[in-house]
Amino acid sequence: MQFAYTILYVNDVKQSLAFYEKAFGMRTRFLHESGDYGELETGGTALAFSSRALMRQLGKEVSNSDPHHPSFEIALVSEDVAAAVRTAVDAGATLMQAPKEMPWGQTIAYVADLDGVLVEICTSMQA
């Protein structure tokens, strides 16, 4: 088996794709004509978005993301975490934790996207 994608449930797929492009430099790979599903080009594994409205049509009631009580996070690697955080905040992200060097040598910071999804911005883990 191969991990293919993660889907985030959002209010507005097109708006979320545009935010991720501006905040994190990703590019839209696909946006369905309905506007209810889209994917970003992120490498081997896609980051996908589905509207909450579509999920309701499919009989699923999804909960809202809460960056203060997350059930998951996505992590994006950057060599300049501070600059990446500034770009994300300028694009509309909410700063949750300023960049901080961890005891194991990795620098991490947290922002929340427009729908409250917790996004870790970090340097690569060193072996």
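The values are calculated or read from the model by the stated rules, or taken from the named source; none is laboratory data. Computed from a predicted structure; not experimentally measured. Backbone-built Cβ (ideal geometry, glycine too); neighbour counts: all protein chains shown.
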Inset, instruction - Answer yes or no: is there a residue in the range 77-90 that is within 24 Å of ASP36 (Cβ to Cβ) and modelled with pLDDT of 95 or more. - result: no
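I need the strands (runs of 3 or more DSSP E) fully contained in the range 24-101, keeping only those with at least 1 residues that are β-branched (Val, Ile, Thr) and under 16 Å from the mean Cα position of the chain (by Cα).
Where strands (runs of 3 or more DSSP E) fall fully within the range 24-101 and carry at least 1 residues being β-branched (Val, Ile, Thr) and under 16 Å from the mean Cα position of the chain (by Cα), they are 27-31, 74-77, 94-101.
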Inset, instruction - Kindly establish whether ASP80 is touching a Leu at 6+ places or on another chain (Cβ under 9 Å) and among the acidic types (Asp, Glu). - result: no
Legend entry - Count of residues meeting criterion [touching a strand residue (DSSP E or B) at 6+ places or on another chain (Cβ under 7 Å) and either surrounded by 16 or more Cβ atoms within 10 Å (Cβ to Cβ) or at pLDDT 95 or above (or both)] in the range 36-53: 12
